[in-house]
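**Student:** The structure that follows is given in the form of structure tokens.
The values are calculated or read from the model by the stated rules, or taken from the named source; none is laboratory data. What you see is a predicted model; the values in this text were computed from it and never measured. All Cβ positions, even for glycine, are placed from backbone atoms using ideal geometry, and neighbour counts span all protein chains on display. Just so you know, the surface numbers come from the protein's heavy atoms only, side chains and all, with ligands and any DNA or RNA stripped out. Shrake-Rupley method; radii C 1.70, N 1.55, O 1.52, S 1.80 Å.
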Amino acid sequence: MSILHLTPGKSFLVTGLCLLAGLLAPLRATTGAPLPAPAPTLEQRVAGLEAYISNGDPTAGLKNAAGQIPAGLTTPVAHLPGPAHNTWMMVCAVLVLFMTLPGLALFYGGLVRTKNVLSIMAWCLGITSLVTVLWWAFGYSLVFGKSFHSPFLGGAEYFFFRGVDSQPNPDYSFWVSHNVFAIYQLMFAIITPAVIIGAVVERMKFSAVLLFVGLWLLLVYCPLAHMVWGATGLMNGIWNTGAAIKAVDFAGGMVVEMASGWSALVLCLVVGPRLGFRKTPMPPHSMVLCMVGTGLLWVGWYGFNAGSAVAADGIAANAFTTTTITAAVAAGTWALLEYFFRGKASVLGFCSGIVAGLVAVTPACGFITSTAAFGLGLLGGAVSYFACTKIKSLFGYDDALDVFGVHGVAGTFGMLFTGIFATTSVNANLATHLSGLVGHTLWLEQLRGSGLTMLFAVTMTAGLAYLIRAVIGLRADADHEQQGLDLAHHGEEGYIYEPKS
């Protein structure tokens with residue numbers, strides 16, 4: 001029935017109902033159906049894109065004066081990975097894996113005797129597989145989680161990579177996918193224990209190596225990495241305002257170099273020297289492999305150092321530059337010292353100097369200028385040279401491949417050097433809440449952090465080594481050591497020479 005045919009009374013009633021509905025409409029909008037999400041302004045959308053360029057927070061432009069984001073307000077870039085930063089970090093992850101496979105495998109493999117070259121390859125492959133599984137299951141969460149609210153260990157929220165997806169985790173990066181960041185950090189977890197084994201080559205059982213690495217990763221590496229890099233870490237001086245020790249470690253001076261170097265010293269002392277040590281010549285079987293491995297390590301180290309910026313930005317560029325300079329200068333320094341003291345500059349000396357320079361600059365590369373990097377190459381190369389040639393000879397320990405002399409000594413020196421020469425002009429993040437320390441007493445924080453790292457790594461490694469020695473034994477049988485670990489443990493030979501017909 002048309003409203004035109006309503007009686008006056010009915011017409012009045014319909015009109016009243018229409019007016020009431022109109023009055024209740026705003027109330028219904030506020031108490032019932034949700035209001036539409038606020039749309040970002042053009043300025044806010046542009047700010048998000050600018051944050052991508054500067055590696056900043058894409059939500060900063062959305063926040064009000066109280067630092068809060070209005071409910072529902074967002075932009076398309078707020079929770080997405082940035083293509084360039086993500087690509088850079090995937091490349092860097094590959095480069096760091098390249099350091100272990102094949103870089104470290106060839107570098108260490110060339111330095112041992114022919115009968116043990118494949119054992120190095122097997123150790124590196126086994127460590128890569130084992131650490132990957134442990135990292136996926138527990139390790140990543142223990143380092144980069146925070147549900148434990150602890151300065152010593154992360155949390156359980158990422159066990160078995162639960163929630164580790166392609167969206168960024170803003171605790172560590174605004175623009176890199178969480179899963180890419182996790183895999184990048186996996187490569188650090190792989191190479192760190194792989195470095196340690198260089199001290200005990202040619203005499204440690206394969207089963208003992210894997211058991212030690214598994215326990216060391218969970219009980220030494222994970223707590224230490226959280227303390228230095230975790231969001232709630234005890235020694236995360238830049239990003240944790242409540243850090244008790246305000247140390248800075250750009251790419252692993254404490255976490256990787258000191259931890260592996262000092263642990264290697266302890267492990268080689270517990271395992272004991274090789275049969276015939278200091279009586280039988282044990283020269284490297286292939287300096288060609290060693291040199292190739294060194295080159296691969298240097299290339300991969302750009303992912304290690306420059307990638308630790310977790311962005312393709314100016315800080316990564318500085319780390320790239322300082323890494324190159326320090327490594328090259330340290331190589332020449334070592335060779336010059338060899339020439340001065342021994343009359344010849346060896347290929348092994350150049351290779352050792354390169355690695356020493358790379359180690360020394362690891363904690364510093366994102367914080368120091370290129371001029372400081374030159375000085376670090378001179379000093380870092382010299383310190384490692386004397387550690388490998390004088391200190392080792394004086395105390396007589398069988399650190400077979402000079403892991404302590406290079407990684408332990410150069411890493412410790414690099415940490416102290418960082419505290420002296422770090423500058424906010426290179427890395428503005430140092431000014432966030434460390435401006436009062438930079439250029440003044442930051443070196444004391446570095447000393448405190450290094451001391452704790454050393455004490456923790458040495459104590460825990462000694463305990464693990466003695467435990468494994470008591471349970472399954474550390475050393476290979478004497479006859480296996482004489483025969484060579486390639487055949488004894490793996491049933492293979494690195495080189496098979498066919499007789500000439």
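**Student:** If I go through region 216-245 residue by residue, how many of them are farther than 25 Å from residue 462 by Cα, buried (at least 23 other Cβ atoms within 10 Å of the Cβ) and touching an Asp or Glu at 6+ places or on another chain (Cβ under 7 Å)?
**Tutor:** Total satisfying the criteria: 1.
**Student:** Of 424, 459, which residue is assigned to a helix (DSSP H, G or I) and out of contact with any Cys (no Cβ under 6 Å at 6 or more places or on another chain)?
**Tutor:** 459
**Student:** Does region 179-192 contain at least one residue that is part of a helix (DSSP H, G or I), free of Cβ contacts under 8 Å to residues at least 40 places away in the same chain, open to solvent by 10 Å² or more (accessible area, probe 1.4 Å) and within 18 Å of residue 143 (Cβ to Cβ)?
**Tutor:** yes
**Student:** Could you give every pair whose Cβ atoms fall below 6 Å, whose first residue belongs to region 69-85 and is of a type in the set (D, E, K, R), and whose second residue is open to solvent by 50 Å² or more (accessible area, probe 1.4 Å) and assigned to a loop (DSSP other than H, G, I, E, B), counting only separations of at least 6 or pairs across chains?
**Tutor:** No pair meets every condition.
**Student:** A further question on this structure: On the basis of being closer than 17 Å to residue 365 by Cα, open to solvent by less than 20 Å² (accessible area, probe 1.4 Å), modelled with pLDDT of 95 or more and touching a Phe, Trp or Tyr at 6+ places or on another chain (Cβ under 7 Å), does residue 416 make the cut?
**Tutor:** Answer is no for this residue.
**Student:** Then there is this: Scan region 306-333 and report the pairs whose first residue is within 24 Å of residue 406 (Cα to Cα) and whose second residue is of a type in the set (S, T, N, Q), with Cβ atoms within less than 7 Å and a gap of 6+ or a chain change.
**Tutor:** So the pair list comes out as 306/323; 319/305; 319/308; 321/370; 322/370; 323/305; 325/370.
**Student:** Just one of 493, 498 is part of a loop (DSSP other than H, G, I, E, B) and under 29 Å from residue 207 (Cβ atoms); which is it?
**Tutor:** Result of the check over 493, 498: 493.
**Student:** Going through 48, 82 one at a time, which residue ends up being open to solvent by less than 20 Å² (accessible area, probe 1.4 Å), modelled with pLDDT under 90 and either touching a strand residue (DSSP E or B) at 6+ places or on another chain (Cβ under 8 Å) or of a type in the set (Gly, Ala, Ser) (or both)?
**Tutor:** From the options 48, 82, the qualifying one is 48.
**Student:** Now, a different point. Return yes when residue 164 is of a type in the set (A, V, I, L, M), touching a Ser or Thr at 6+ places or on another chain (Cβ under 9 Å) and not in a helix (DSSP H, G or I) and no when it is not.
**Tutor:** Criteria met by residue 164.
**Student:** Given the conditions (1) part of a loop (DSSP other than H, G, I, E, B); (2) out of contact with any Ser or Thr (no Cβ under 8 Å at 6 or more places or on another chain); (3) open to solvent by 60 Å² or more (accessible area, probe 1.4 Å), report the number of the one that residue 473 does not fulfil.
**Tutor:** All conditions are met except number (3).
**Student:** For region 142-171, how many residues meet the condition of being farther than 18 Å from residue 89 by Cβ and open to solvent by less than 70 Å² (accessible area, probe 1.4 Å)?
**Tutor:** So the count comes out to 12.
**Student:** Report, by residue number, each residue of region 390-399 that is open to solvent by less than 30 Å² (accessible area, probe 1.4 Å), more than 12 Å from residue 261 (Cα to Cα) and either of a type outside the set (Gly, Ala, Ser) or within 25 Å of the chain's Cα centre (by Cα) (or both).
**Tutor:** Within region 390-399, 397, 398 meet the criteria.
**Student:** Under the condition of being of a type in the set (Gly, Ala, Ser) and outside any helix (DSSP H, G or I), which residue from region 72-117 is farthest from residue 346 (Cα to Cα)?
**Tutor:** Filtering region 72-117 for residues that are of a type in the set (Gly, Ala, Ser) and outside any helix (DSSP H, G or I), the one farthest from residue 346 (Cα to Cα) comes out as 72.
**Student:** Which of the residues that make up region 423-452 are surrounded by 14 or more Cβ atoms within 10 Å (Cβ to Cβ) and among the β-branched types (Val, Ile, Thr)?
**Tutor:** Result: 423, 424, 426, 438.
**Student:** Just a yes or no: is a residue in region 336-347 of a type in the set (Gly, Ala, Ser), more than 21 Å from residue 421 (Cα to Cα) and open to solvent by less than 20 Å² (accessible area, probe 1.4 Å)?
**Tutor:** No: region 336-347 contains no residue that is of a type in the set (Gly, Ala, Ser), more than 21 Å from residue 421 (Cα to Cα) and open to solvent by less than 20 Å² (accessible area, probe 1.4 Å).
**Student:** For region 102-133, give me the residue count where each residue is surrounded by fewer than 22 Cβ atoms within 10 Å (Cβ to Cβ) and within 16 Å of the chain's Cα centre (by Cα).
**Tutor:** Going through region 102-133 one residue at a time, the tally reaches 2.
**Student:** Looking at residue 225, is it under 17 Å from the mean Cα position of the chain (by Cα), aliphatic (A, V, I, L, M), modelled with pLDDT of 95 or more and on the phi < 0 side of the Ramachandran plot?
**Tutor:** yes
**Student:** Something else now. Kindly provide the set of residues from region 142-159 that are part of a loop (DSSP other than H, G, I, E, B) and not polar (S, T, N, Q), ordered by number.
**Tutor:** 145, 146, 148, 149, 151, 152, 153, 154, 155, 156, 157, 158, listed by residue number.
**Student:** For region 348-382, what are the residues that are of a type outside the set (A, V, I, L, M, F, W, C), open to solvent by 10 Å² or more (accessible area, probe 1.4 Å) and assigned to a helix (DSSP H, G or I)?
**Tutor:** 352, 370, 371, 375 - these are the residues of region 348-382 that are of a type outside the set (A, V, I, L, M, F, W, C), open to solvent by 10 Å² or more (accessible area, probe 1.4 Å) and assigned to a helix (DSSP H, G or I).
**Student:** Taking region 454-483 on its own, how many of its residues are closer than 18 Å to residue 118 by Cα, within 31 Å of the chain's Cα centre (by Cα) and among the small types (Gly, Ala, Ser)?
**Tutor:** 0
**Student:** Residue 118 - would you say it is under 30 Å from residue 352 (Cα atoms) and in contact with a Gly (Cβ under 8 Å, 6 or more places away or on another chain)?
**Tutor:** yes
**Student:** Kindly indicate whether any position in region 317-327 is part of a helix (DSSP H, G or I), open to solvent by 10 Å² or more (accessible area, probe 1.4 Å) and under 15 Å from residue 354 (Cβ atoms).
**Tutor:** Checking region 317-327: at least one residue is part of a helix (DSSP H, G or I), open to solvent by 10 Å² or more (accessible area, probe 1.4 Å) and under 15 Å from residue 354 (Cβ atoms).
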